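The values are calculated or read from the model by the stated rules, or taken from the named source; none is laboratory data. Predicted model, so just to flag it, every value in this text is computed and none were measured. Quick reminder, even Gly has a Cβ in these numbers, built from the backbone with ideal geometry, and neighbours come from all protein chains shown. For the accessible areas, the whole protein counts, side chains as well, though only heavy atoms, and no ligand, DNA or RNA atoms are used. Shrake-Rupley method; radii C 1.70, N 1.55, O 1.52, S 1.80 Å.
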Amino acid sequence: MSWQITGGQILHDTLSEGALTLASGVIGTGTARHQLDARGFWILPGIVDLHGDAFERHLAPRRGMVSDLGANLGFVEGELAACGITTAWLAQFWSWEGGMRGPEFATRLAHALKATDLRLDMRMQLRLETHMIDDLKAVVDLAKETGLDYLLFNDHLPHKALESGKKPPRLNGSALKAGRSPEAHHAMMHALKARDAEVEGFVRAVMQALPDLRFGSHDDDAGLRALWAARGVGIAEFPVSREAAVAARAQGHAVIMGAPNVLRGGSHNRGSVSAGDLVAEGLVDALASDYHYPAMIGAVFALVDRGICDLAQAWRLVSEGPAQVMGLTDRGTLEAGKRGDLVILCPERRRVMGCFAAGRPVFLSGELAERLG
């Protein structure tokens, strides 16, 4: 399959009119079998999303609703493509919290992603809770069996409440989701908390067993970023303070922020840093969709509208920037020879009209689809 896309404004350092050919899965030049008229639209590099969990509504809207994850991954793919996302890491917990965040569901999802034929490049980011110490072998085996390439360390234990003897917030609700009684859930938290001293060894054992993975930490303040940097964890995802982002950059580590934070003009978490402010200071390498896939394009336009950066700089945060964080040199720009991942966007409506992945159409809509004849 080959396509020539003509008439649109192609984004390199700036927007300029031209033609672009997709053949054998990559970007090239010359003629092609199929023609697509993109007049009035922008042609942009495909979006690379390093952390998104909006897939959950398709895979587990309620307990027992979805038995075949592979079939429902097609619905996730459709939503991603309609948002211009051509490479996506589905952010999935491996956690004591249970339910959809538990090891069983993570295992099912990882195997479903490996077995399902998808046009988009869809992978899993494993969000590993630091106190799942007894699961070392299971985590390492899953990573090797399914080709996992990105692991993020989390610690969601309510340490202050456990140390003070107070009831953790939202205990009843979290216990219900995990399928435990509140008493059993609380006792399990205390048992995990008692193993704090083993976390350091567990983290290092995971990293030693999986040397080819990218490793990140989540929601760091400056102190946590220093701790994770000392452990060799080179990605700071959603740091909560400017100091943490500055520290990560000083360490030569990547900083990822949430696109919804940019779009809203600040974090949902009181006291956390504004992603837009960090972008303005040049402290952000990539934006991620977090809980809302449409936020990626929304954040780009928010940055442009607020005069924080121009279109090429803003789009780089959702394409070339995240690709570089993951060492993917074959995508993120529209250079000849790169993977044929691109978005065709209506600038007036700020809406995705078309999405191609590895040179193949995944989503075509509205006037662009009608132009196929």
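Find the strands (runs of 3 or more DSSP E) located wholly in segment 213-263 whose residues include 2 or more that are of a type in the set (A, V, I, L, M) and either modelled with pLDDT of 95 or more or under 15 Å from D285 (Cβ atoms) (or both), and list them. Break it down into steps so the answer makes sense when it comes.
Values: elements: 214-218, 235-237, 254-258.
Strands (runs of 3 or more DSSP E) meeting the threshold: 235-237, 254-258.
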Looking at (1) open to solvent by 20 Å² or more (accessible area, probe 1.4 Å); (2) without any contact (Cβ under 8 Å) to a residue 40 or more places away in the chain, which one does E320 not meet, given that it meets all the others?
(2)
Among the candidates D220, D141, D149, residue that is of a type in the set (D, E) and without any contact (Cβ under 8 Å) to a residue 24 or more places away in the chain:
D141
Please work out if S16 is among the small types (G, A, S) and on the phi > 0 side of the Ramachandran plot.
no
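Go through the residues of segment 199-208 one by one and say whether even a single one is assigned to a loop (DSSP other than H, G, I, E, B) and surrounded by 15 or more Cβ atoms within 10 Å (Cβ to Cβ). Show your work before the answer.
Our first condition is that a residue be assigned to a loop (DSSP other than H, G, I, E, B); within segment 199-208, this holds for none.
Looking through segment 199-208, none of the residues is assigned to a loop (DSSP other than H, G, I, E, B) and surrounded by 15 or more Cβ atoms within 10 Å (Cβ to Cβ).
Would you point out the residue of segment 8-37, among those that are touching a strand residue (DSSP E or B) at 6+ places or on another chain (Cβ under 9 Å) and within 22 Å of D310 (Cα to Cα), that is modelled with the lowest pLDDT? It would help to see each step written out before you state the result.
First, pick out the residues of segment 8-37 that are touching a strand residue (DSSP E or B) at 6+ places or on another chain (Cβ under 9 Å): 8-11, 15-37.
Adding the requirement that they be within 22 Å of D310 (Cα to Cα) leaves 8-11, 15-18.
On the way: G8: 96, Q9: 98, I10: 98, L11: 98, L15: 97, S16: 96, E17: 95, G18: 91.
So the residue we want is G18.
Which members of segment 1-38 meet the condition of being touching a helix residue (DSSP H, G or I) at 6+ places or on another chain (Cβ under 9 Å), assigned to a loop (DSSP other than H, G, I, E, B) and open to solvent by less than 20 Å² (accessible area, probe 1.4 Å)? Steps first, answer last, please.
The first filter runs over segment 1-38 and keeps only residues touching a helix residue (DSSP H, G or I) at 6+ places or on another chain (Cβ under 9 Å), leaving 11-15, 36-38.
With assigned to a loop (DSSP other than H, G, I, E, B) added as a condition, the list becomes 12-14, 38.
Of everything in segment 1-38, just one residue is touching a helix residue (DSSP H, G or I) at 6+ places or on another chain (Cβ under 9 Å), assigned to a loop (DSSP other than H, G, I, E, B) and open to solvent by less than 20 Å² (accessible area, probe 1.4 Å), namely A38.
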Could you give every pair whose Cβ atoms fall below 6 Å, whose first residue belongs to segment 94-122 and is without any contact (Cβ under 8 Å) to a residue 60 or more places away in the chain, and whose second residue is among the acidic types (D, E), counting only separations of at least 6 or pairs across chains?
L118/E77
Pairs where the first residue, in segment 160-182, is on the phi > 0 side of the Ramachandran plot and the second is in a loop (DSSP other than H, G, I, E, B), C-beta under 7 Å, 6+ apart
G179/G98
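Being part of a helix (DSSP H, G or I), of a type in the set (G, A, S) and more than 14 Å from the chain's Cα centre (by Cα) is the filter here; which residues of segment 283-331 pass it?
Scanning segment 283-331 gives G298, A299, A302, A312, A314.
Can you confirm whether A191 is among the aliphatic types (A, V, I, L, M), out of contact with any strand residue (DSSP E or B) (no Cβ under 7 Å at 6 or more places or on another chain) and open to solvent by 40 Å² or more (accessible area, probe 1.4 Å)?
Details: among the aliphatic types (A, V, I, L, M): yes; out of contact with any strand residue (DSSP E or B) (no Cβ under 7 Å at 6 or more places or on another chain): yes; open to solvent by 40 Å² or more (accessible area, probe 1.4 Å): yes.
The answer is yes for A191.
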Here's a check for you: in segment 342-369, which residue that is on the phi < 0 side of the Ramachandran plot, open to solvent by 20 Å² or more (accessible area, probe 1.4 Å) and of a type in the set (A, V, I, L, M) is modelled with the lowest pLDDT?
A369
Selection within segment 265-295 - loosely packed, with under 15 Cβ neighbours inside 10 Å and modelled with pLDDT of 95 or more:
E281, G282
Selection from segment 30-62 of residues more than 30 Å from N261 (Cα to Cα) and not small (G, A, S) yields T31, R33, H34, Q35, L36, D37, R39
If you take the residues in segment 329-341 that are out of contact with any Lys or Arg (no Cβ under 6 Å at 6 or more places or on another chain) and open to solvent by less than 30 Å² (accessible area, probe 1.4 Å), which one is farthest from A38 (Cα to Cα)?
G332
Which pairs do you get when a residue that is in contact (Cβ under 8 Å) with a residue 60 or more places away in the chain and within 19 Å of A358 (Cβ to Cβ), found in segment 1-18, comes within reach of a residue that is open to solvent by 50 Å² or more (accessible area, probe 1.4 Å) and of a type in the set (K, R), reach meaning Cβ atoms under 8 angstrom, with the pair 6+ apart or on two chains?
M1/R33; M1/R360; S2/R33; W3/R33
